[in-house]
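Written below as structure tokens is the structure these notes are about.
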Amino acid sequence: MPTALVTGPSSGIGMATALELGRRGYHVIAAGRSAARAEPVLTSIRAGGGSGEFVELDLASMSSVRAAAARVVETGPVVDVLVNNAGIGVNRRGLTEDGFEVHFGINHLGHFLLTRDLLPRFRPGSRIVTLASAVHFRADGIDFDRMRRPTRWVGLDEYAVSKLANVLFIRELARRHPDLRGYAVHPGLVRTRIIPAPIRLLSGTRMLTPEQGADTILFCATSPAVADESGHYYQIRTVTLPSVSGQDDRLAAELWERSEEWCS
């Protein structure tokens with residue numbers, strides 16, 4: 001039985017992804033902050049004949065990320081699919097437990113550390129799917145000094161930088177680990193709690209359901225059609241060019257090196 005680890009499995013796109021992977025025969029490791037919130041998802045997977053387990057994970061805490069990865073490495077099976085789904089949107093401010101701007105710390109750095117520490121549990125061909133966003137086009141590079149300062153205003157610019165970091169992370173992952181398969185996915189405008197309530201209200205029926213938003217994630221996680229591809233940015237099951245900054249290999253390498261240093 002293949003194994004998939006999904007972060008943020010308790011609601012929204014993460015829940016839709018976890019449920020569908022369970023239906024497709026994956027053993028699902030639900031990695032999140034609350035066992036109580038993850039349990040209904042795992043119960044549903046088991047009721048359909050699948051299997052799953054919970055791993056406590058708080059992406060705002062490096063010690064929590066290390067502990068979660070260590071548990072999987074020490075006791076878990078080979079990880080065939082890692083879905084870096086969890087994250088925060090705008091209207092969040094401050095710093096993580098380790099002193100990083102919250103969007104960068106949670107959306108990028110926590111998942112970077114989780115992926116890095118899970119390397120011993122991947123096999124050749126294991127897939128890492130990271131939830132990015134078209135909002136990354138708003139970010140013109142990364143001011144690394146800003147990543148150690150609190151969020152400004154509503155956090156839209158910081159959110160955009162974190163999503164650019166997601167794109168660059170997958171790009172550099174493909175270069176450094178050619179035996180793995182990495183995909184950055186823009187799921188579309190999905191009706192989840194990460195979207196501010198006024199935008200959900202104004203967008204009405206134009207927003208996608210979590211199941212629709214999960215479609216390209218599942219495509220990259222499981223489809224034989226992309227088994228030989230890596231490092232790309234996907235939208236609606238299609239490779240799409242990211243922003244100019246998202247194609248900057250020097251920036252991708254610098255982001256990786258700084259992330260390694262910060263996580264060491």
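Dividing the Cα radius of gyration by the Kirkwood radius, what Rg/Rh value follows for the chain? Walk me through the numbers before you get to the answer.
Numbers: Rg = 16.9 Å, Rh = 18.1 Å.
That ratio equals 0.93.
So, counting K/R as plus one and D/E as minus one, what does the shell of residues with Cβ under 9 Å around Asp80 add up to?
Local charge sum for Asp80: +2.
Can you give me the long-range amide H partners of Leu5? Hydrogens built in the peptide plane at 1.01 Å from N, cutoff under 5 Å, separation of 5 or more residues or another chain.
Hits under the 5 Å cutoff: Ile29, Val81, Leu82, Val83.
Span-like helices, the chain: DSSP H, alpha-carbon axial extent 18 Å or more, mean Kyte-Doolittle 0.0 or greater, which ones? Walk me through the numbers before you get to the answer.
On the way: long enough: 62-75 (20 Å, 0.49); 156-176 (30 Å, 0.13); 249-263 (21 Å, -1.03).
Long hydrophobic helices here: 62-75, 156-176.
Near Pro2, within a Cβ-to-Cβ distance under 14 Å, what is the net charge of the other residues, with Lys and Arg +1 and Asp and Glu -1?
On the way: positive: Arg23, Arg24, Arg121, Arg123, Arg127, Arg181; negative: Glu20, Asp80.
With Lys, Arg at +1 and Asp, Glu at -1, the net is +4.
So, R0 is 25 Å and r is the distance between the beta-carbons of Arg138 and Gln212; what FRET efficiency does that work out to, to 0.05?
Working: r = 23 Å, r/R0 = 0.93.
After rounding to 0.05, the efficiency reads 0.60.
List the trypsin sites (Lys or Arg not before Pro) in the stretch 61-154 that DSSP assigns to loop (not H, G, I, E or B) and whose Cβ has at most 13 other Cβ atoms within 10 Å. Which are they?
When the trypsin sites (Lys or Arg not before Pro) of the stretch 61-154 are filtered for loop state and at most 13 Cβ neighbours within 10 Å, Arg152 remain.
If exposed GluC sites (Glu not before Pro) are those in a DSSP loop with at most 16 other Cβ within 10 Å, what is the longest stretch of the chain that has none?
98-228
Could you work out how far apart the two model spin labels at Glu260 and Glu97 are, taking each label as a point 7 Å from the Cα in the direction of the beta carbon, and quote it in nm?
2.5 nm
Trypsin sites (Lys or Arg not before Pro) within the stretch 9-45: which are DSSP loop residues with at most 10 other Cβ atoms inside 10 Å?
Here no trypsin sites (Lys or Arg not before Pro) fit, given the DSSP loop and packing criteria.
Bear in mind that the values in this text are calculations on the coordinates, not laboratory data. Note that the structure is predicted; figures quoted are calculated from it, not measured. Heads up, the Cβs are rebuilt from the backbone with ideal geometry, glycines too, and the neighbour counts pull from every protein chain shown.
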